[in-house]
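J.: The structure follows.
The values are calculated or read from the model by the stated rules, or taken from the named source; none is laboratory data. Note that this is a predicted model, so its numbers are computed, not measured. Methodologically, a virtual Cβ is constructed for each residue, glycine included, from the backbone with ideal geometry; neighbour enumeration extends over all protein chains shown.
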Amino acid sequence: MNQTESRVDEAFGALADPTRRRVVELLGARPYRAGDLAREVGTSAPVMSRHLRVLLRAGLVTDERPPDDARARIFSLRADQLAAVSAWLDQVQAHWTEQLGSFRRHVERRSRW
């Protein structure tokens with residue numbers, strides 16, 4: 001398995017959970033503190049912490065500590081990491097577009113007989 005496949009696998013694993021998908025959607029709009037994400041999603045802080053850990057490990061989000069509050073962490077989406085997922089989906093779509101085009105040509109040829 002190459003590095004791109006590994007990143008795609010990790011990303012899909014992380015995105016398999018609806019709460020984590022919602023977090024990614026929220027972070028697509030702007031950075032959030034963990035507590036704000038928990039409130040927005042309707043979950044507890046410890047549960048959100050576990051979800052964020054999975055997203056961090058998959059490389060889909062990043063965190064930084066603001067200089068004025070070392071206890072706080074601000075989470076942001078790493079759109080560059082979603083590019084690997086997008087590229088994989090584009091390849092799958094191109095393959096099936098080609099296959100369906102071939103099937104259509106085959107059916108059209110057969111219908112002329």
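J.: Out of everything in the stretch 53-112 that is among the hydroxyl-bearing types (Ser, Thr, Tyr) and more than 27 Å from the chain's Cα centre (by Cα), what residue ends up being farthest from Leu37 (Cα to Cα)? It would help to see each step written out before you state the result.
T.: Residues of the stretch 53-112 that are among the hydroxyl-bearing types (Ser, Thr, Tyr), as a first pass: 62, 76, 86, 97, 102, 111.
Filter once more, so that each one left must be more than 27 Å from the chain's Cα centre (by Cα): 102, 111.
Working: Ser102: 46, Ser111: 56 Å.
Out of the qualifying residues, it is Ser111.
J.: Determine the pairs where a residue that is more than 20 Å from Asp69 (Cβ to Cβ), located within the stretch 31-46, has a partner that is of a type in the set (A, V, I, L, M, F, W, C) and buried (at least 17 other Cβ atoms within 10 Å of the Cβ) with Cβ atoms under 7 Å apart, the partner being 6 or more residues away or on another chain.
T.: Final answer for the pair search is Val41/Val23; Val41/Met48; Ser44/Ala38.
J.: With Ser86, Ser44, Ser111 as the choices, which residue is modelled with pLDDT of 95 or more and polar (S, T, N, Q)?
T.: On the way: Ser86 fails: modelled with pLDDT of 95 or more; Ser111 fails: modelled with pLDDT of 95 or more.
That would be Ser44, the only listed residue that is modelled with pLDDT of 95 or more and polar (S, T, N, Q).
J.: Sticking with this structure for a sec: Under the condition of being of a type in the set (Asp, Glu) and more than 19 Å from Ala29 (Cα to Cα), which residue from the stretch 66-85 is surrounded by the most Cβ atoms within 10 Å (Cβ to Cβ)? Walk me through it before giving the result.
T.: Narrowing the stretch 66-85 to residues of a type in the set (Asp, Glu): 68-69, 80.
From the residues that got through so far, the ones that are more than 19 Å from Ala29 (Cα to Cα) too are 68-69.
Working: Asp68: 6, Asp69: 10.
If we take residues in the stretch 66-85 being of a type in the set (Asp, Glu) and more than 19 Å from Ala29 (Cα to Cα), then Asp69 is surrounded by the most Cβ atoms within 10 Å (Cβ to Cβ).
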